[in-house]
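Undergrad: Here it is, the structure, as structure tokens.
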Amino acid sequence: LSLMCNLSDTVEERGIEKGIEKGIEKGIEQGKLEMLFSLVRDHILSSADAAKRVGMSEVDFVSLMQK
């Protein structure tokens with residue numbers, strides 16, 4: 001029983017760690033997108049070039065930017 005509880009705790013800790021990592025990655029990605037949106041709005045970078053930097057089509061990038 002003790003072994004099962006320890007295993008459960010380890011699984012929970014790993015799940016929490018992965019969740020935190022994913023949250024950080026998502027935050028970084030969101031920050032990158034916001035920066036690119038700002039550069040496009042300020043006419044410093046074209047929407048096509050910004051879309052390439054995040055690996056999406058220009059149409060998808062512009063659509064996301066308008067949300």
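The values are calculated or read from the model by the stated rules, or taken from the named source; none is laboratory data. All figures in this text were calculated on a predicted structure; none of them were measured in a lab. Neighbour counts are summed over all protein chains in view; Cβ atoms, including those assigned to glycine, are modelled from backbone coordinates with ideal geometry. The accessibility values were calculated without ligands, DNA or RNA, using every heavy atom of the protein model including side chains. Shrake-Rupley method; radii C 1.70, N 1.55, O 1.52, S 1.80 Å.
Undergrad: Just a yes or no: is a residue in the stretch 24-34 in a helix (DSSP H, G or I), surrounded by 11 or more Cβ atoms within 10 Å (Cβ to Cβ) and polar (S, T, N, Q)?
TA: Scanning the stretch 24-34, I find no residue that is in a helix (DSSP H, G or I), surrounded by 11 or more Cβ atoms within 10 Å (Cβ to Cβ) and polar (S, T, N, Q), so the answer is no.
Undergrad: For residues that are β-branched (V, I, T) and more than 15 Å from R41 (Cα to Cα), tally how many sit in the stretch 52-67.
TA: Quick first cut of the stretch 52-67, residues β-branched (V, I, T) only: 54, 59, 62.
Restricting the remaining residues to those that are more than 15 Å from R41 (Cα to Cα) gives 54, 59.
Residues meeting the conditions: 2.
Undergrad: If a residue must be open to solvent by 70 Å² or more (accessible area, probe 1.4 Å) and either under 16 Å from the mean Cα position of the chain (by Cα) or in contact (Cβ under 8 Å) with a residue 12 or more places away in the chain (or both), how many such residues does the stretch 56-66 contain?
TA: Initial filter on the stretch 56-66 (open to solvent by 70 Å² or more (accessible area, probe 1.4 Å)): 58-60, 66.
Those still in the list that are either under 16 Å from the mean Cα position of the chain (by Cα) or in contact (Cβ under 8 Å) with a residue 12 or more places away in the chain (or both) too: 60.
The total comes to 1.
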